[in-house]
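Peer 1: Sharing a structure with you now.
The values are calculated or read from the model by the stated rules, or taken from the named source; none is laboratory data. Computed from a predicted structure; not experimentally measured. Using ideal geometry, Cβ is built from the backbone for each residue, glycine included, and neighbour counts are taken over all protein chains shown.
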Amino acid sequence: MPRAVVTGGAGFLGSHLCRRLLGEGWEVVCLDSLVTGSPTNLEEIPEQGRFTFRSVDVTHPLEVAGEVDWVFHLASPASPPDYLRLPIETLRVGALGTYSALDLALAKGASLFLSSTSEVYGDPLVHPQPESYWGNVNPIGPRSVYDEAKRYAEATTFAYNRVHGIPIKVVRIFNTYGPRMRRADGRAIPNFIDQALHGDPVTVHGDGSQTRSLCYVDDLIEGFWRFLSSGGTGPMNLGNPEESTILELAKLVADLAGSGAEVEFLERPMDDPEVRKPDITLARRELGWAPEVDLRDGLKRTIDWARPRWS
């Protein structure tokens with residue numbers, strides 16, 4: 001039976017990954033400090049005999065008894081309000097946390113899967129963004145604590161691969177949404193859903209012309225799974241190339257939630273990317289993967305999940 005360690009396993013994406021691995025017959029050890037993750041994300045996991053949770057700060061050396069086949073390093077604050085509130089913690093988990101995950105993989109003879117982000121592209125000057133693009137990041141801006149932490153994590157992971165021969169997979173995740181997002185996450189989709197469900201104005205930064213490309217979480221996790229059994233190290237973009245403006249998304253969420261909420265425009269945050277759209281040519285070719293869940297359907301599923309919990 002394959003055995004995985006998942007850092008950040010009580011977070012939004014981590015909890016979905018834990019369930020997928022368990023569903024595929026794996027044993028899973030979930031490590032999470034619960035700074036932004038939540039035990040409620042791990043409720044109703046039926047495979048209790050194959051699942052272990054430990055409250056652990058992954059910036060410290062990691063000790064896990066027994067054999068380990070894969071270390072999935074997902075631990076990190078991931079929403080702007082979180083990493084702006086926790087700038088040093090975000091940098092530490094991107095640097096020291098990545099060392100801890102890699103050292104565990106090295107000690108166990110395991111492979112490492114790093115969840116990186118489209119934020120490594122910064123406010124891109126190339127559109128859509130291919131993996132070959134090096135990005136346009138403000139290294140000292142407020143968002144740099146997340147952008148540069150992930151860029152550093154990628155560099156560290158590839159260094160361990162070159163020096164120690166650790167098998168690695170690096171995925172760059174574009175905006176993902178779905179059930180188990182945090183109500184107070186601060187990102188556009190949970191904000192819009194929460195506001196619409198309560199009849200509040202949906203708040204849009206700037207004039208709303210900036211774009212995002214949203215991938216439903218089940219599609220993303222399917223991409224993870226296919227990447228595991230593929231050749232190559234990445235980095236590999238995983239996301240939905242269907243691009244929408246923030247204003248379009250706000251109006252769509254309000255409509256699907258049955259809300260007559262008005263749009264309220266707020267000041268645009270510093271270094272907020274103007275565009276975001278993945279080039280998924282590599283994933284299509286290497287994995288035979290592309291998102292399948294339509295945006296309206298995915299948003300409706302997410303709203304239906306949130307309605308009894310957030311209303």
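Peer 1: If you take the residues in the stretch 125-172 that are among the polar types (S, T, N, Q) and assigned to a strand (DSSP E or B), which one is farthest from residue 98 (Cα to Cα)?
Peer 2: First, pick out the residues of the stretch 125-172 that are among the polar types (S, T, N, Q): 129, 132, 136, 138, 144, 156-157, 161.
Within this subset, residues satisfying the condition of being assigned to a strand (DSSP E or B) are 129, 136.
Details: 129: 25, 136: 23 Å.
Going through the qualifying residues, I end up with 129.
Peer 1: Could you say whether any residue in the stretch 284-294 is among the acidic types (Asp, Glu) and closer than 25 Å to residue 201 by Cβ?
Peer 2: Within the stretch 284-294, not a single residue is among the acidic types (Asp, Glu) and closer than 25 Å to residue 201 by Cβ.
Peer 1: Mind counting the residues in the stretch 187-203 that are crowded, with 19+ Cβ neighbours inside 10 Å and over 22 Å from the mean Cα position of the chain (by Cα)?
Peer 2: Within the stretch 187-203, residues that are crowded, with 19+ Cβ neighbours inside 10 Å and over 22 Å from the mean Cα position of the chain (by Cα) number 4.
Peer 1: A follow-up question, please. Could you tell me whether residue 299 is buried (at least 18 other Cβ atoms within 10 Å of the Cβ), in contact (Cβ under 8 Å) with a residue 24 or more places away in the chain and hydrophobic (A, V, I, L, M, F, W, C)? Before the answer, list the steps.
Peer 2: Details: buried (at least 18 other Cβ atoms within 10 Å of the Cβ): yes; in contact (Cβ under 8 Å) with a residue 24 or more places away in the chain: yes; hydrophobic (A, V, I, L, M, F, W, C): yes.
Here the answer is yes, as residue 299 does meet what is asked.
Peer 1: I've got another one for you. Filter the stretch 47-68 for residues that are at pLDDT 95 or above and of a type in the set (Asp, Glu); which is nearest to residue 8 (Cα to Cα)? It would help to see each step written out before you state the result.
Peer 2: Going through the stretch 47-68, the residues at pLDDT 95 or above turn out to be 50-68.
Cutting the leftovers down to of a type in the set (Asp, Glu) gives us 57, 63, 67.
On the way: 57: 10, 63: 15, 67: 20 Å.
Once the filter is applied, the top-ranked residue is 57.
Peer 1: I'd like to verify a number: residues in the stretch 83-98 that are β-branched (Val, Ile, Thr) and surrounded by fewer than 18 Cβ atoms within 10 Å (Cβ to Cβ), how many?
Peer 2: Result for the stretch 83-98: 1.
Each row is one residue, and each column tells you yes or no for (1) crowded, with 21+ Cβ neighbours inside 10 Å; (2) at pLDDT 95 or above.
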position	(1), (2)
27	no, yes
74	yes, yes
78	yes, no
81	no, no
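Peer 1: Filtering the stretch 98-118 down to residues that are within 16 Å of the chain's Cα centre (by Cα) and part of a helix (DSSP H, G or I), which residue is farthest from residue 59 (Cα to Cα)?
Peer 2: 118
Peer 1: Would you pick out the residues in the stretch 259-275 that are outside any strand (DSSP E or B) and under 25 Å from residue 307 (Cα atoms)?
Peer 2: As a first pass, look at the stretch 259-275 and keep what is outside any strand (DSSP E or B): 259-262, 267-275.
Across the stretch 259-275, the qualifying residues are 259, 260, 261, 262.
Peer 1: Looking for something in contact with a Gly (Cβ under 9 Å, 6 or more places away or on another chain) and farther than 30 Å from residue 199 by Cβ - is there at least one such residue anywhere in the stretch 291-299?
Peer 2: yes
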